[in-house]
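Q: Quick one: the structure is below, and I'll ask about it shortly.
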Amino acid sequence: MHPGLLHRRFVTDLSSSLFSFVLPLLPTQEERAVKEEVRSLIEKLVKTIEPSARLLSFGSSQNSFGLRNSDMDLVVLIDDPSANLEASHLVQMIGDLLQRETNFDVKPLPKARIPILKLTLAPSSALPFGIACDIGIENRLAIENTRLLLTYATIDPARVRTLVLFLKVWAKRRRINSPYRGTLSSYGFTLMVLYYLVHVKQPPVLPNLQRIAPLRPLAEHEVMIQGRNVYFFDDTETLRQEWSSINFETVGELLIDFFRYFSHDFQFNNSVMSLRAGQLTKEIKGWVNDIDVGGLNEMARDRNRLCIEDPFEISYNVARTVTKDGLYTLRGEFMRATRILTQRPDRAVIALAELCR
Ligand code: ATP
Ligand code: MG
(Lines give C-alpha, C1' and ligand atoms only; values in the text may rest on other atoms or scores of the structure.)
(Ligands and ions follow the chains in the order given, each with its own letter.)
Protein backbone atom coordinates (compact mmCIF):
# COMPACT_ATOMS: atom_id res chain seq x y z
CA MET A 1 0.00 0.00 0.00
CA HIS A 2 1.11 3.57 -0.68
CA PRO A 3 2.81 5.08 2.43
CA GLY A 4 0.47 8.10 2.43
CA LEU A 5 -2.58 5.85 2.38
CA LEU A 6 -1.10 3.65 5.08
CA HIS A 7 -0.56 6.69 7.27
CA ARG A 8 -4.13 7.94 6.68
CA ARG A 9 -5.49 4.57 7.72
CA PHE A 10 -3.29 4.66 10.81
CA VAL A 11 -4.57 8.10 11.82
CA THR A 12 -8.22 7.05 11.51
CA ASP A 13 -7.46 3.92 13.48
CA LEU A 14 -5.64 6.07 16.07
CA SER A 15 -8.70 8.20 16.79
CA SER A 16 -10.95 5.26 17.56
CA SER A 17 -8.17 3.57 19.52
CA LEU A 18 -7.76 6.70 21.65
CA PHE A 19 -11.45 6.64 22.60
CA SER A 20 -11.30 2.97 23.55
CA PHE A 21 -8.02 3.49 25.40
CA VAL A 22 -9.41 6.25 27.61
CA LEU A 23 -12.88 4.84 28.29
CA PRO A 24 -12.00 2.10 30.82
CA LEU A 25 -9.77 4.54 32.71
CA LEU A 26 -12.60 6.88 33.66
CA PRO A 27 -13.86 6.87 37.25
CA THR A 28 -16.80 4.56 37.91
CA GLN A 29 -20.13 5.79 39.19
CA GLU A 30 -19.41 3.93 42.42
CA GLU A 31 -16.10 5.70 42.92
CA ARG A 32 -17.78 9.06 42.37
CA ALA A 33 -20.45 8.20 44.91
CA VAL A 34 -17.93 7.13 47.56
CA LYS A 35 -15.94 10.33 47.08
CA GLU A 36 -19.06 12.47 47.37
CA GLU A 37 -19.92 10.66 50.61
CA VAL A 38 -16.46 11.40 51.94
CA ARG A 39 -16.75 15.08 50.98
CA SER A 40 -20.13 15.39 52.61
CA LEU A 41 -18.99 13.66 55.82
CA ILE A 42 -15.94 15.91 56.17
CA GLU A 43 -18.05 18.98 55.41
CA LYS A 44 -20.43 18.09 58.26
CA LEU A 45 -17.49 17.79 60.64
CA VAL A 46 -15.92 21.06 59.49
CA LYS A 47 -19.23 22.82 60.08
CA THR A 48 -19.02 21.90 63.76
CA ILE A 49 -15.93 24.13 63.91
CA GLU A 50 -17.25 26.92 61.69
CA PRO A 51 -20.96 26.80 60.73
CA SER A 52 -20.51 29.06 57.68
CA ALA A 53 -17.86 26.76 56.18
CA ARG A 54 -18.47 24.87 52.94
CA LEU A 55 -16.29 22.12 51.53
CA LEU A 56 -16.00 22.13 47.74
CA SER A 57 -14.36 19.70 45.33
CA PHE A 58 -12.13 21.08 42.61
CA GLY A 59 -9.47 19.73 40.24
CA SER A 60 -9.96 16.66 38.11
CA SER A 61 -13.03 15.28 39.88
CA GLN A 62 -14.86 18.44 38.73
CA ASN A 63 -13.20 19.55 35.50
CA SER A 64 -14.14 16.37 33.55
CA PHE A 65 -10.48 15.36 33.17
CA GLY A 66 -10.58 12.89 36.05
CA LEU A 67 -9.10 9.41 35.83
CA ARG A 68 -9.98 6.38 37.91
CA ASN A 69 -8.50 6.47 41.44
CA SER A 70 -7.19 10.00 41.16
CA ASP A 71 -6.80 11.98 44.36
CA MET A 72 -9.47 14.31 45.74
CA ASP A 73 -8.88 18.03 45.81
CA LEU A 74 -11.03 19.80 48.40
CA VAL A 75 -11.16 23.36 49.64
CA VAL A 76 -12.79 24.92 52.71
CA LEU A 77 -14.57 28.20 51.96
CA ILE A 78 -15.78 30.36 54.81
CA ASP A 79 -18.65 32.61 53.89
CA ASP A 80 -18.97 34.55 57.14
CA PRO A 81 -16.49 37.46 56.96
CA SER A 82 -16.59 37.90 60.72
CA ALA A 83 -15.32 34.34 61.30
CA ASN A 84 -11.72 35.61 61.16
CA LEU A 85 -10.00 32.23 61.23
CA GLU A 86 -6.40 31.88 60.15
CA ALA A 87 -5.72 29.16 57.57
CA SER A 88 -2.92 27.53 59.58
CA HIS A 89 -5.06 27.45 62.71
CA LEU A 90 -8.03 26.00 60.83
CA VAL A 91 -5.87 23.29 59.24
CA GLN A 92 -4.70 22.25 62.69
CA MET A 93 -8.21 22.25 64.16
CA ILE A 94 -9.75 20.29 61.29
CA GLY A 95 -6.80 17.90 61.44
CA ASP A 96 -7.36 17.20 65.15
CA LEU A 97 -11.08 16.73 64.61
CA LEU A 98 -10.71 14.31 61.70
CA GLN A 99 -8.11 12.36 63.65
CA ARG A 100 -10.61 11.84 66.46
CA GLU A 101 -13.72 11.24 64.38
CA THR A 102 -12.63 9.33 61.26
CA ASN A 103 -10.43 6.47 60.06
CA PHE A 104 -8.33 8.73 57.90
CA ASP A 105 -4.63 8.97 58.32
CA VAL A 106 -4.34 12.71 58.91
CA LYS A 107 -1.35 14.92 58.22
CA PRO A 108 -1.87 18.65 58.79
CA LEU A 109 0.74 20.93 57.21
CA PRO A 110 -0.20 24.24 58.90
CA LYS A 111 3.24 25.78 58.39
CA ALA A 112 3.46 25.16 54.62
CA ARG A 113 3.52 28.23 52.32
CA ILE A 114 -0.08 27.29 51.50
CA PRO A 115 -1.39 25.47 54.59
CA ILE A 116 -3.08 22.18 53.71
CA LEU A 117 -4.31 19.02 55.30
CA LYS A 118 -3.42 15.67 53.77
CA LEU A 119 -5.73 12.71 54.29
CA THR A 120 -5.27 9.13 53.26
CA LEU A 121 -7.41 6.06 53.65
CA ALA A 122 -5.71 2.68 53.31
CA PRO A 123 -6.95 0.38 50.51
CA SER A 124 -9.84 -1.95 51.34
CA SER A 125 -11.97 -4.36 49.35
CA ALA A 126 -14.55 -1.64 48.65
CA LEU A 127 -11.82 0.86 47.77
CA PRO A 128 -8.92 -1.12 46.33
CA PHE A 129 -6.79 2.00 45.88
CA GLY A 130 -7.80 3.78 49.06
CA ILE A 131 -8.29 7.53 49.03
CA ALA A 132 -5.81 10.37 48.94
CA CYS A 133 -7.16 13.81 49.60
CA ASP A 134 -5.74 17.33 50.01
CA ILE A 135 -7.80 19.95 51.80
CA GLY A 136 -6.87 23.60 51.29
CA ILE A 137 -8.36 26.76 52.75
CA GLU A 138 -10.06 29.64 50.91
CA ASN A 139 -8.42 28.93 47.56
CA ARG A 140 -11.23 30.44 45.50
CA LEU A 141 -9.09 30.77 42.38
CA ALA A 142 -8.81 26.99 42.20
CA ILE A 143 -12.59 26.74 41.98
CA GLU A 144 -12.57 29.25 39.13
CA ASN A 145 -9.78 27.61 37.15
CA THR A 146 -11.56 24.27 37.58
CA ARG A 147 -14.69 25.86 36.07
CA LEU A 148 -12.65 27.34 33.21
CA LEU A 149 -11.22 23.93 32.34
CA LEU A 150 -14.65 22.32 32.56
CA THR A 151 -16.12 24.95 30.23
CA TYR A 152 -13.39 24.31 27.65
CA ALA A 153 -14.10 20.58 27.88
CA THR A 154 -17.83 21.14 27.41
CA ILE A 155 -17.34 22.95 24.08
CA ASP A 156 -15.91 19.89 22.34
CA PRO A 157 -15.81 16.95 24.76
CA ALA A 158 -14.99 14.29 22.18
CA ARG A 159 -11.74 15.94 21.15
CA VAL A 160 -10.77 17.96 24.23
CA ARG A 161 -11.46 15.37 26.91
CA THR A 162 -9.96 12.54 24.91
CA LEU A 163 -6.74 14.46 24.25
CA VAL A 164 -6.30 15.68 27.82
CA LEU A 165 -7.17 12.34 29.40
CA PHE A 166 -4.83 10.47 27.10
CA LEU A 167 -1.98 12.90 27.72
CA LYS A 168 -2.49 12.62 31.47
CA VAL A 169 -2.28 8.82 31.31
CA TRP A 170 0.75 9.04 29.04
CA ALA A 171 2.49 11.53 31.35
CA LYS A 172 1.79 9.36 34.42
CA ARG A 173 2.99 6.16 32.75
CA ARG A 174 6.13 7.88 31.42
CA ARG A 175 6.74 9.37 34.88
CA ILE A 176 6.87 12.97 33.73
CA ASN A 177 3.91 14.05 35.90
CA SER A 178 5.81 14.66 39.17
CA PRO A 179 6.09 18.33 40.12
CA TYR A 180 8.04 17.26 43.21
CA ARG A 181 10.58 15.50 41.05
CA GLY A 182 11.18 18.25 38.50
CA THR A 183 8.45 17.61 35.94
CA LEU A 184 4.94 18.95 35.33
CA SER A 185 1.62 18.76 37.24
CA SER A 186 -1.56 17.46 35.60
CA TYR A 187 -2.86 21.01 35.68
CA GLY A 188 0.20 22.09 33.69
CA PHE A 189 -0.31 19.39 31.04
CA THR A 190 -3.99 20.33 30.76
CA LEU A 191 -3.13 24.00 30.21
CA MET A 192 -0.60 22.96 27.53
CA VAL A 193 -3.27 21.06 25.60
CA LEU A 194 -5.77 23.93 25.87
CA TYR A 195 -3.10 26.45 24.81
CA TYR A 196 -2.39 24.29 21.77
CA LEU A 197 -6.09 23.99 20.83
CA VAL A 198 -6.81 27.72 21.32
CA HIS A 199 -3.62 29.40 20.09
CA VAL A 200 -1.47 27.01 18.08
CA LYS A 201 -3.94 25.16 15.89
CA GLN A 202 -5.13 27.13 12.87
CA PRO A 203 -8.05 27.32 12.54
CA PRO A 204 -8.45 27.00 16.30
CA VAL A 205 -10.30 24.05 17.81
CA LEU A 206 -11.44 26.17 20.79
CA PRO A 207 -12.23 29.87 21.26
CA ASN A 208 -10.37 31.95 23.84
CA LEU A 209 -12.96 32.10 26.61
CA GLN A 210 -11.11 34.88 28.41
CA ARG A 211 -11.26 37.14 25.37
CA ILE A 212 -14.54 36.50 23.52
CA ALA A 213 -17.58 38.41 24.62
CA PRO A 214 -20.59 37.97 22.38
CA LEU A 215 -23.65 39.74 23.78
CA ARG A 216 -21.84 40.99 26.84
CA PRO A 217 -21.10 44.61 27.73
CA LEU A 218 -17.47 45.34 28.41
CA ALA A 219 -18.04 46.02 32.10
CA GLU A 220 -18.73 42.35 32.61
CA HIS A 221 -15.19 41.56 31.53
CA GLU A 222 -13.95 42.04 35.01
CA VAL A 223 -14.90 39.75 37.85
CA MET A 224 -12.48 40.12 40.72
CA ILE A 225 -11.75 37.33 43.18
CA GLN A 226 -8.82 37.51 45.57
CA GLY A 227 -7.34 40.38 43.58
CA ARG A 228 -7.46 38.58 40.20
CA ASN A 229 -9.70 39.04 37.22
CA VAL A 230 -11.38 35.67 36.85
CA TYR A 231 -13.77 36.64 34.06
CA PHE A 232 -14.35 34.13 31.29
CA PHE A 233 -17.27 33.44 29.00
CA ASP A 234 -19.08 30.61 30.77
CA ASP A 235 -22.46 30.61 29.03
CA THR A 236 -22.11 27.24 27.31
CA GLU A 237 -25.61 27.40 25.84
CA THR A 238 -24.84 30.62 23.94
CA LEU A 239 -21.45 29.23 22.95
CA ARG A 240 -23.09 26.18 21.44
CA GLN A 241 -25.38 28.41 19.37
CA GLU A 242 -22.88 31.06 18.34
CA TRP A 243 -19.46 29.47 18.17
CA SER A 244 -18.36 26.47 16.19
CA SER A 245 -14.88 25.51 15.15
CA ILE A 246 -14.07 25.18 11.47
CA ASN A 247 -11.20 22.91 12.37
CA PHE A 248 -12.34 19.35 11.66
CA GLU A 249 -9.12 17.47 12.43
CA THR A 250 -9.63 14.19 14.21
CA VAL A 251 -8.35 13.56 17.70
CA GLY A 252 -5.66 11.28 16.26
CA GLU A 253 -4.39 14.03 13.95
CA LEU A 254 -4.44 16.53 16.80
CA LEU A 255 -2.46 14.21 19.06
CA ILE A 256 0.26 13.61 16.48
CA ASP A 257 0.51 17.32 15.76
CA PHE A 258 0.57 18.19 19.48
CA PHE A 259 3.62 15.99 19.98
CA ARG A 260 5.23 17.31 16.79
CA TYR A 261 4.66 20.93 17.81
CA PHE A 262 6.25 20.46 21.23
CA SER A 263 9.12 18.43 19.73
CA HIS A 264 10.09 20.88 17.01
CA ASP A 265 8.29 24.19 17.00
CA PHE A 266 7.68 25.57 20.46
CA GLN A 267 10.56 27.83 21.55
CA PHE A 268 11.11 26.58 25.08
CA ASN A 269 14.04 28.95 25.61
CA ASN A 270 12.16 32.20 25.22
CA SER A 271 8.42 31.56 24.95
CA VAL A 272 5.62 31.53 27.50
CA MET A 273 2.32 29.72 26.94
CA SER A 274 -0.56 31.93 27.98
CA LEU A 275 -4.05 30.53 27.60
CA ARG A 276 -5.31 34.05 28.25
CA ALA A 277 -3.12 35.95 25.79
CA GLY A 278 -1.44 33.48 23.42
CA GLN A 279 2.31 33.19 23.01
CA LEU A 280 4.28 35.65 25.14
CA THR A 281 8.01 36.05 25.66
CA LYS A 282 9.85 35.31 28.89
CA GLU A 283 11.34 38.77 28.62
CA ILE A 284 7.94 40.50 28.60
CA LYS A 285 6.81 38.42 31.58
CA GLY A 286 10.10 39.02 33.40
CA TRP A 287 10.49 35.25 33.54
CA VAL A 288 14.06 34.98 32.33
CA ASN A 289 16.25 32.31 33.86
CA ASP A 290 18.25 33.58 36.79
CA ILE A 291 21.43 31.88 35.64
CA ASP A 292 23.67 34.94 35.95
CA VAL A 293 22.39 36.02 39.33
CA GLY A 294 24.92 35.03 41.97
CA GLY A 295 24.01 33.42 45.26
CA LEU A 296 20.86 31.65 44.10
CA ASN A 297 20.49 27.96 44.59
CA GLU A 298 19.78 25.44 41.83
CA MET A 299 16.01 25.53 42.40
CA ALA A 300 15.82 29.30 41.92
CA ARG A 301 17.83 29.06 38.72
CA ASP A 302 15.51 26.47 37.33
CA ARG A 303 12.33 28.31 38.03
CA ASN A 304 11.54 29.45 34.50
CA ARG A 305 12.81 26.67 32.27
CA LEU A 306 9.28 25.88 31.12
CA CYS A 307 6.78 28.71 31.28
CA ILE A 308 3.00 28.30 31.47
CA GLU A 309 1.06 31.30 32.72
CA ASP A 310 -1.79 30.55 35.09
CA PRO A 311 -5.06 31.75 33.48
CA PHE A 312 -5.99 33.99 36.43
CA GLU A 313 -2.92 34.27 38.64
CA ILE A 314 -0.96 35.67 35.74
CA SER A 315 2.23 36.38 37.66
CA TYR A 316 2.41 32.68 38.51
CA ASN A 317 4.31 30.18 36.38
CA VAL A 318 2.40 26.89 36.69
CA ALA A 319 5.46 25.06 35.31
CA ARG A 320 7.91 26.52 37.82
CA THR A 321 8.54 23.02 39.19
CA VAL A 322 10.15 21.92 35.94
CA THR A 323 13.94 21.76 36.31
CA LYS A 324 16.58 21.76 33.58
CA ASP A 325 16.73 17.95 33.69
CA GLY A 326 12.95 17.77 33.88
CA LEU A 327 12.56 19.83 30.74
CA TYR A 328 15.16 17.74 28.95
CA THR A 329 13.19 14.62 29.89
CA LEU A 330 9.88 16.17 28.82
CA ARG A 331 11.24 17.22 25.44
CA GLY A 332 12.75 13.78 24.98
CA GLU A 333 9.32 12.27 25.64
CA PHE A 334 7.63 14.54 23.09
CA MET A 335 10.20 13.44 20.52
CA ARG A 336 9.84 9.77 21.41
CA ALA A 337 6.06 10.07 21.05
CA THR A 338 6.38 11.79 17.67
CA ARG A 339 8.73 9.05 16.51
CA ILE A 340 6.41 6.26 17.60
CA LEU A 341 3.35 7.83 15.98
CA THR A 342 4.97 8.82 12.70
CA GLN A 343 7.60 6.24 11.94
CA ARG A 344 5.79 3.03 12.68
CA PRO A 345 2.34 3.36 11.22
CA ASP A 346 1.26 -0.20 12.01
CA ARG A 347 -1.73 -0.81 14.27
CA ALA A 348 -2.72 2.15 16.42
CA VAL A 349 -3.47 0.11 19.57
CA ILE A 350 0.07 -1.23 19.47
CA ALA A 351 1.49 2.26 19.00
CA LEU A 352 -0.54 3.56 21.97
CA ALA A 353 0.61 0.70 24.19
CA GLU A 354 4.22 1.37 23.18
CA LEU A 355 3.72 5.11 23.77
CA CYS A 356 2.54 4.54 27.34
CA ARG A 357 4.95 1.78 28.27
P1 ATP B 1 -5.07 14.60 38.71
O2 ATP B 1 -6.19 13.82 38.11
O3 ATP B 1 -3.74 14.12 38.26
O4 ATP B 1 -5.17 14.79 40.18
P5 ATP B 1 -5.90 17.39 38.49
O6 ATP B 1 -6.67 17.95 37.33
O7 ATP B 1 -6.63 17.26 39.77
O8 ATP B 1 -5.21 16.05 38.03
P9 ATP B 1 -3.76 18.69 39.80
O10 ATP B 1 -2.42 19.00 39.20
O11 ATP B 1 -3.89 17.67 40.88
O12 ATP B 1 -4.69 18.34 38.59
O13 ATP B 1 -4.37 20.06 40.27
C14 ATP B 1 -5.64 20.17 40.83
C15 ATP B 1 -6.10 21.60 40.85
O16 ATP B 1 -5.23 22.35 41.69
C17 ATP B 1 -6.05 22.31 39.50
O18 ATP B 1 -7.26 22.17 38.80
C19 ATP B 1 -5.82 23.72 39.92
O20 ATP B 1 -7.05 24.27 40.31
C21 ATP B 1 -4.97 23.60 41.14
N22 ATP B 1 -3.52 23.64 40.83
C23 ATP B 1 -2.70 22.59 40.74
N24 ATP B 1 -1.45 22.96 40.45
C25 ATP B 1 -1.47 24.27 40.38
C26 ATP B 1 -0.50 25.23 40.11
N27 ATP B 1 0.78 24.91 39.86
N28 ATP B 1 -0.89 26.50 40.11
C29 ATP B 1 -2.15 26.85 40.36
N30 ATP B 1 -3.14 25.97 40.62
C31 ATP B 1 -2.80 24.71 40.62
MG1 MG C 1 -6.03 16.24 41.54
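Q: Normalising by the residue count of the stretch 191-285, find the relative contact order in percent from Cα pairs under 8 Å and 6+ residues apart.
A: Computed value for the stretch 191-285: 33 percent relative contact order.
Q: Along the charge dipole of the stretch 29-139, pointing to its positive end and built from +1/-1 on Cβ of Lys, Arg, Asp and Glu, which listed residue (LEU55, ALA122, GLY66) has its Cα farthest out?
A: ALA122
Q: Two decimals is fine: what's Rg over Rh for the stretch 29-139, C-alpha atoms, Kirkwood radius as Rh?
A: So for the stretch 29-139, dividing Rg by the Kirkwood Rh gives 0.96.
Q: Once both axes come from the Cα atoms, what is the angle between helix 157-173 and the longest principal axis of the chain, in degrees from 0 to 90, rounded to 10?
A: 80
Q: Can you figure out the FRET efficiency of SER178 with GLU43, using R₀ = 30 Å and their beta-carbon distance, to the nearest 0.05?
A: The value I calculate is 0.50.
Q: Continuing with the same structure: Between helix 324-343 and the chain, what is the angle of the helix's C-alpha long axis to the longest principal axis, kept within 0 to 90° and rounded to the nearest 10?
A: In the chain, helix 324-343 runs at an angle near 40 degrees to the longest axis.
Q: Tell me, what HN-Hα J-couplings in whole Hz come from the Karplus equation 6.51 cos²θ - 1.76 cosθ + 1.60 at θ = phi - 60° for each residue of the stretch 102-114, using x for Gly and Pro?
A: 10, 8, 5, 7, 10, 9, x, 10, x, 9, 5, 3, 10
Q: In terms of modelled amide H atoms, which long-range or inter-chain residues lie less than 5 Å from the amide H of ILE116?
A: LEU109
Q: Moving on. Any idea what the dipole of the stretch 29-139 comes to, in debye rounded to 20, about its Cα centre with Lys/Arg Cβ at +1 and Asp/Glu Cβ at -1?
A: Dipole about the Cα centre, nearest 20: 200 debye.
Q: Could you give the nm distance between label points at GLU86 and ASP235, where each point is 7 Å from its Cα heading toward the beta carbon?
A: Result: 4.5 nm between the two label points.
Q: Please give the FRET efficiency for ILE114 paired with ARG331, using the beta carbon to beta carbon distance and R0 = 25 Å, rounded to the nearest 0.05.
A: Given R0 = 25 Å and the Cβ-Cβ separation, E is 0.30.
Q: Within the stretch 180-281, report the GluC sites (Glu not before Pro) that DSSP leaves as loop and that have at most 11 other Cβ atoms within 10 Å.
A: GLU222
Q: Tell me the label-point distance for the pair GLN343, LEU67, using the 7 Å Cα-to-Cβ offset, in nm and rounded to one decimal.
A: Simple spin-label model gives 2.5 nm for this pair.
Q: Quick one: which residues, 5+ away or cross-chain, put their amide H under 5 Å from the amide H of VAL272? H built at 1.01 Å from N.
A: Amide H neighbours of VAL272, under 5 Å, 5+ apart: LEU280, THR281, LYS282.
Q: Moving to a separate point now. Helix 29-49: angle to the longest alpha-carbon principal axis of the chain, degrees 0 to 90, nearest 10?
A: 30
Q: Subtracting the Cα-Cα distance from 0.36 nm times the residue separation, let me have the gained length for ILE314 to THR154 in nm, one decimal.
A: Net length gain for the segment: 55.2 nm.
Q: Further question on the same structure: Would you work out what percent of the accessible area of the chain, with all protein chains in place, is carbon or sulfur (probe 1.4 Å)?
A: 53
Q: Based on DSSP H runs of at least 4 residues, each adding -39500 (n - 2.57), what is the mean residue ellipticity at 222 nm of the chain after dividing by all its residues, to the nearest 500 deg cm²/dmol?
A: About -13500 deg cm²/dmol.
Q: Specify which residue in the list CYS356, VAL205, LEU5 is farthest towards the positive end of the charge dipole of the chain, using unit charges on the beta carbon of Lys, Arg (+1) and Asp, Glu (-1), about the Cα centre.
A: Of the candidates, LEU5 comes out farthest on the positive side.
Q: Taking the DSSP beta bridges in the stretch 29-139 as the whole, what percent of them are antiparallel, to the nearest 5?
A: Around 75 percent of the beta bridges assigned by DSSP in the stretch 29-139 are antiparallel ones.
Q: So what J values fall out for the stretch 133-143 if you push phi through Karplus, 6.51 cos²θ - 1.76 cosθ + 1.60 with θ = phi - 60°, rounded to Hz, Gly and Pro as x?
A: Coupling constants for the stretch 133-143: 9, 10, 10, x, 10, 6, 7, 6, 5, 5, 5 Hz.
Q: Let me ask something else about it. Which distance in Å, rounded to a whole number, links the C-alpha centroids of the stretch 225-253 and the stretch 81-117?
A: 36
Q: What FRET efficiency would be calculated for the residue pair SER52, LEU23, taking the C-beta separation as r and a Förster radius of 41 Å, to the nearest 0.05?
A: Efficiency, from the Cβ-Cβ distance: 0.50.
Q: With every protein chain present, what is the per residue accessible area of the stretch 29-139 (1.4 Å probe, Å²)?
A: 54
Q: Treating cross-link reach as a plain straight distance, find the lysines whose alpha-carbon is under 27 Å from the alpha-carbon of LYS44, omitting any fewer than eight places away in the same chain.
A: Leaving aside lysines fewer than 8 places away in the same chain, those within reach of LYS44 are LYS35, LYS107, LYS111, LYS118.
Q: Compute, for the chain, the length of the dipole vector about the Cα centre, with Cβ point charges of +1 (Lys, Arg) and -1 (Asp, Glu) only. Units Debye, rounded to 20.
A: In debye, rounded to 20, the chain gives about 1240.
Q: Determine how many Å³ per residue the convex hull of the Cα atoms of the chain encloses.
A: Value for the chain: 162 Å³ per residue.
Q: Which of the lysines could be linked to LYS324 by a straight reach, that is with a Cα gap under 23 Å, when you skip same-chain ones fewer than 8 residues away?
A: Within the straight-line limit of under 23 Å, LYS324 reaches these lysines: LYS168, LYS172, LYS282, LYS285.
Q: Output wanted: per-residue J couplings in Hz (rounded whole) for the stretch 277-287, from phi through Karplus 6.51 cos²θ - 1.76 cosθ + 1.60, θ = phi - 60°, x for Gly and Pro.
A: Using θ = phi - 60°, the values come out as 10, x, 6, 10, 9, 4, 5, 4, 6, x, 9 Hz.
The values are calculated or read from the model by the stated rules, or taken from the named source; none is laboratory data. Just so it is clear, the model here is predicted, and its values are computed rather than measured. Counting neighbours? That spans all protein chains shown, and the Cβs are built from the backbone with ideal geometry, glycine included. Please note that ligands, DNA and RNA were not included when accessible areas were found on the heavy atoms of the full protein model with its side chains. Shrake-Rupley method; radii C 1.70, N 1.55, O 1.52, S 1.80 Å.
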